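Let me begin by presenting the structure, written as C-alpha cells, before commenting on it.
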Amino acid sequence: MQYFNFHTHQYTNTDLVTELVNQYPQEFDAGIPFYSIGIHPWYINEARIKSDLVIIESKLKENNCLAIGESGLDKRIEIPMDLQQQVFENQLLLAQKYNKPVVIHCVAAFQEVIDTKKRLKITVPMIIHGFSKSLQLAKQLVDNGFYLSFGKYLLRNPELETVFITIPNDRFFLETDTIEEIIEDVYALAAKYKKTTVIEIQQLISTNFQTVFKTSLETT
C-alpha cells in the first residue's frame with residue numbers, strides 16, 4: 001500500500017511513496033511528478049510578486065500540481081505583516097479559483113490565518129504543515145476546518161503525542177519536510193501513538209488524500 005508524504009522539499013523517487021514536493025515559482029523543476037507551488041513568506045520579493053503569481057496560476061492548471069503552498073504568515077521574520085498578508089490572500093484566492101488545497105506555513109499567526117480563511121470565505125482544504133503546538137490550538141484549528149500535518153516535531157518532541165492522538169483520523173497527514181528520516185519512520189511512530197498498525201494509518205491517509213485532493217492515492 002502507498003505511503004503519502006504530504007510535504008517534502010526533496011523528491012526521492014521511492015517505490016510505494018507518493019510525495020508532494022514543495023516548489024518555488026522561480027526554481028520550478030518539471031521533472032517532479034507531484035508538487036505544490038507557492039510564495040513562502042520567507043521568500044517574498046516585492047519586485048517579482050506579480051510574476052511569481054503568474055507562474056503559480058499557470059501551474060495550478062496542471063493536474064500534477066496538487067496544491068498551492070507553502071503559503072502563509074510568519075511573525076518572526078522581518079518582512080512586514082501587511083505585505084505577507086497581501087501575498088497570502090492573493091494565493092488563497094487562486095486556490096479557491098482553481099479548487100486546489102493550500103499548504104500553510106504559520107508561525108505565531110494562527111489567529112490571523114483563521115480570520116483570513118473566514119473573511120475570504122475560503123472553502124478549499126487548508127492544511128497546517130509541520131504542526132507542533134498545543135492541544136488547545138490544534139482543537140481550535142480543527143474546529144475551524146483545518147487539517148494538520150505532522151512530521152519533524154512528532155519525531156523530535158515526545159510531548160506532541162498527547163496532541164496527535166486527539167486529532168480526528170479524518171483530519172491529519174504525515175510529512176518529512178526537511179528532515180533526514182524517511183516517511184516510513186513517521187508512519188511507524190504515528191501508528192504507535194494511535195495504537196494501531198501502519199497499514200491502518202496508510203488507509204486513513206489514503207482516505208484523507210481522496211477527500212482533500214479529489215483523486216485516489218493509488219491512481220497518482
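Below is a table of values for the structure above.
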read-out	value
Pairs with Cβ under 8 Å, 6+ apart, first in the range 75-93 and modelled with pLDDT of 95 or more, second open to solvent by 60 Å² or more (accessible area, probe 1.4 Å) and part of a loop (DSSP other than H, G, I, E, B)	MET81/LYS75
Flag if ALA109 is over 13 Å from the mean Cα position of the chain (by Cα) and either touching a residue at least 60 places away in the same chain (Cβ under 8 Å) or closer than 23 Å to ILE179 by Cβ (or both)	no
Verdict on ILE127 being at pLDDT 95 or above, in contact with a strand residue (DSSP E or B) (Cβ under 6 Å, 6 or more places away or on another chain) and over 30 Å from ASN90 (Cα atoms)	no
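The values are calculated or read from the model by the stated rules, or taken from the named source; none is laboratory data. Note that the structure is a prediction, hence the values are computed from the model and not measured. Backbone-built Cβ (ideal geometry, glycine too); neighbour counts: all protein chains shown. Just the protein is used for accessible areas: all its heavy atoms, side chains included, with ligands, DNA and RNA removed. Shrake-Rupley method; radii C 1.70, N 1.55, O 1.52, S 1.80 Å.
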